[in-house]
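The values are calculated or read from the model by the stated rules, or taken from the named source; none is laboratory data. All values reported here derive from a predicted model rather than from experimental measurement. No Cβ is skipped: glycine too gets one built from the backbone with ideal geometry, and neighbour counts run over all protein chains shown. Surface areas here come from the heavy atoms of the whole protein model, side chains and all, with no ligands, DNA or RNA. Shrake-Rupley method; radii C 1.70, N 1.55, O 1.52, S 1.80 Å.
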Amino acid sequence: MVSLCESLDELDFLPADPYAARITALINTYGAEQSFALFWVQKINGIPVAAVSRVDGSMTICAGENADFEELRAFMNAAGFSSLTCSEECMKKLGIADYKTSYTVKYIGGESPKNIKISRDCDKRKIYDLLCECGFELGDYGAFLADVCARLNKGTASLAAAEENGEVKACAFALFEGIKSVLLGAVATSPSARGRGYASALVGTLAKEKSEKEVFLFCRNDSLLEFYKKIGFEAVGRWAVREME
């Protein structure tokens with residue numbers, strides 16, 4: 001049975017993985033009483049086996065092996081979503097074939113990152129413009145700003161950026177800081193500043209800072225796997241996203 005989740009405590013059963021990081025960070029940011037941010041738990045014989053979040057139409061599923069995937073598929077189709085993020089294994093069990101995927105990597109430790117000056121509170125408009133320049137599809141700036149600031153202010157996200165002469169040249173986020181795990185992302189370097197070690201320094205710094213929890217990152221494409229291996233990550237699976245047209 002899938003029922004609404006009313007508190008963060010109901011999600012204690014979730015593992016230390018990137019999908020749980022996203023779900024628990026979101027409920028910790030927005031609570032369970034907002035119409036645009038809803039959370040559900042699936043239970044079988046009273047035992048929780050899966051969790052679902054949907055924030056502004058973006059749905060995330062974290063499901064264990066014992067989850068009822070047939071029920072989850074029926075539920076998500078009835079609830080509706082603009083995008084669905086979960087593991088590739090979960091996506092296959094849901095019977096969905098049309099999706100994007102790449103590697104999920106986990107931080108296992110490495111050498112200290114290059115020592116660079118890191119900005120923590122730079123102009124969010126400049127961050128937005130850099131991410132757009134690097135191919136991220138972010139939608140409206142106002143919505144981006146509201147979501148990022150909500151998570152930064154709540155302590156469920158962190159920002160690290162590199163600036164040159166007042167311009168943001170690279171950035172990385174701890175996008176979702178959950179109960180047991182953290183998901184890094186939004187890693188970008190301006191074409192004019194590539195090859196200077198900014199991205200590896202920013203990601204490495206955030207990973208070390210958050211290493212009391214399990215730290216994950218979704219590669220944007222398979223070609224980035226070797227880059228993340230060099231800074232202390234290893235492949236542990238594949239993420240998947242299904243975007244509705």
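Examine segment 207-221 for a residue that is more than 22 Å from GLU88 (Cα to Cα), crowded, with 20+ Cβ neighbours inside 10 Å and β-branched (Val, Ile, Thr), and state whether such a residue exists.
Looking for residues that are more than 22 Å from GLU88 (Cα to Cα), crowded, with 20+ Cβ neighbours inside 10 Å and β-branched (Val, Ile, Thr), one finds none in segment 207-221, hence no.
Within the set of pairs 6 or more residues apart or between chains, which connect a residue that is on the phi > 0 side of the Ramachandran plot inside segment 231-245 to a residue that is crowded, with 20+ Cβ neighbours inside 10 Å with Cβ atoms less than 7 Å apart?
GLY232/TYR107; GLY232/GLY204; GLY232/ALA207; GLY237/SER87; GLY237/THR104
Looking at this structure, is THR60 within 22 Å of ALA174 (Cα to Cα), open to solvent by 10 Å² or more (accessible area, probe 1.4 Å), in contact (Cβ under 8 Å) with a residue 40 or more places away in the chain and β-branched (Val, Ile, Thr)?
No.
Within segment 148-174, can you find the residues that are free of Cβ contacts under 8 Å to residues at least 40 places away in the same chain and closer than 22 Å to GLU243 by Cβ?
VAL148, PHE173
Which numbered condition trips up LYS229, out of (1) open to solvent by less than 70 Å² (accessible area, probe 1.4 Å); (2) over 17 Å from the mean Cα position of the chain (by Cα)?
Condition (1) is where LYS229 drops out.
What residue, among those in segment 123-177 that are polar (S, T, N, Q) and in contact with a Phe, Trp or Tyr (Cβ under 8 Å, 6 or more places away or on another chain), is surrounded by the fewest Cβ atoms within 10 Å (Cβ to Cβ)?
SER158
Can you pull out every residue in segment 122-135 that is out of contact with any Lys or Arg (no Cβ under 9 Å at 6 or more places or on another chain) and more than 17 Å from GLU164 (Cα to Cα)?
Scanning segment 122-135 gives CYS132, CYS134.
Over 24 Å from ARG220 (Cα atoms), open to solvent by 20 Å² or more (accessible area, probe 1.4 Å), in contact (Cβ under 8 Å) with a residue 40 or more places away in the chain and not aromatic (Phe, Trp, Tyr): is that true of LYS117 in this structure?
The answer is yes for LYS117.
Considering (1) under 22 Å from PHE233 (Cα atoms); (2) crowded, with 20+ Cβ neighbours inside 10 Å, say which one LYS100 fails and leave the rest.
(2)
If a residue has to be touching a residue at least 60 places away in the same chain (Cβ under 8 Å) and open to solvent by 20 Å² or more (accessible area, probe 1.4 Å) to count, how many in segment 63-79 make the cut?
2
Yes/no matrix, rows are residues, columns are (1) at pLDDT 95 or above; (2) closer than 26 Å to LEU202 by Cβ; (3) in a loop (DSSP other than H, G, I, E, B); (4) of a type in the set (Ser, Thr, Tyr):
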| position | (1), (2), (3), (4) |
| --- | --- |
| PHE75 | yes, no, no, no |
| CYS86 | yes, no, no, no |
| GLY109 | no, yes, yes, no |
| PHE136 | no, yes, yes, no |
| VAL148 | no, yes, no, no |
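Can you tell me which residues in segment 88-107 are under 21 Å from the mean Cα position of the chain (by Cα) and either modelled with pLDDT under 95 or in a loop (DSSP other than H, G, I, E, B) (or both)?
Residues satisfying the conditions are LEU94, ILE96, ASP98, TYR99.
Criterion first (open to solvent by less than 40 Å² (accessible area, probe 1.4 Å) and in contact with a Lys or Arg (Cβ under 9 Å, 6 or more places away or on another chain)) does ALA51 satisfy it?
no
Identify all residues within segment 104-122 that are touching a Phe, Trp or Tyr at 6+ places or on another chain (Cβ under 8 Å) and closer than 27 Å to SER58 by Cα; write none if there are none.
Matches in segment 104-122: THR104, VAL105, LYS106, TYR107.
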